[in-house]
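The values are calculated or read from the model by the stated rules, or taken from the named source; none is laboratory data. This is a predicted model, so every value here is computed, not measured. Cβ atoms come from the backbone with ideal geometry, glycine included; neighbour counts cover every protein chain shown.
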Amino acid sequence: MIPGYVMFRIADQAFALSLSDTREIVRLHGLEHLPGTRPPMAGVITLRGNPLPVLDLRGPGAPDDRGDVLVMEVAGDPVGVAVDEVIAVLSPKDLPPAAEPPAKTLPAYVIGLRRSASGPVLLVDLQRMLDVTAEGWADTLPGGSASVLAS
């Protein structure tokens, strides 16, 4: 497990996820839509000569060529998740735990609460976030189905 966090923004909300859950971060550039796909599948970008499927957590009307992509692994394959902006990669000391736990009424993808200089940051599980905000997201992956996650 790699210590640290990736802090990112969707709309005006700051989130963080464990650095261990992120394979890499790339700019959202050259997004190509694929015929027959449906949201949250936004399309593919080319990453080192290979197509990378990109799911979009941003709201409707988000620009295709602005933002960042968090690359994670799902069933051994890379999958990108578009966010508005990756703010920083931080060490644990730069994003300490908040004194209080997160409210139990927050969505299930919120697994902790951290503090940055600008205020509270929700620590999230990215796959759970997709499960809650983009139901059926695994089914939108090329050749995918929810059973892919179990393998």
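Just a few scattered comments:
- Pair list, Cβ under 9 Å, 6 or more apart: segment 14-38 residue in contact (Cβ under 8 Å) with a residue 40 or more places away in the chain and under 17 Å from Leu57 (Cα atoms), other residue among the hydroxyl-bearing types (Ser, Thr, Tyr) and surrounded by fewer than 13 Cβ atoms within 10 Å (Cβ to Cβ): Ala14/Ser118
- Residue satisfying condition, being touching a residue at least 40 places away in the same chain (Cβ under 8 Å), on the phi < 0 side of the Ramachandran plot and in contact with a helix residue (DSSP H, G or I) (Cβ under 9 Å, 6 or more places away or on another chain), within set Ala138, Ala108: Ala138
- Scope segment 125-136; condition at pLDDT 80 or above and either closer than 16 Å to Val71 by Cβ or charged (D, E, K, R) (or both); matching residues: Asp125, Leu126, Gln127, Arg128, Met129, Leu130, Asp131
- Residue check for Asp84: closer than 18 Å to Leu126 by Cα and either touching a strand residue (DSSP E or B) at 6+ places or on another chain (Cβ under 8 Å) or crowded, with 16+ Cβ neighbours inside 10 Å (or both): yes
- Selection of segment 16-52 for residues being surrounded by 15 or more Cβ atoms within 10 Å (Cβ to Cβ), touching a helix residue (DSSP H, G or I) at 6+ places or on another chain (Cβ under 8 Å) and either assigned to a strand (DSSP E or B) or among the basic types (Lys, Arg) (or both) yields Leu17, Met41.
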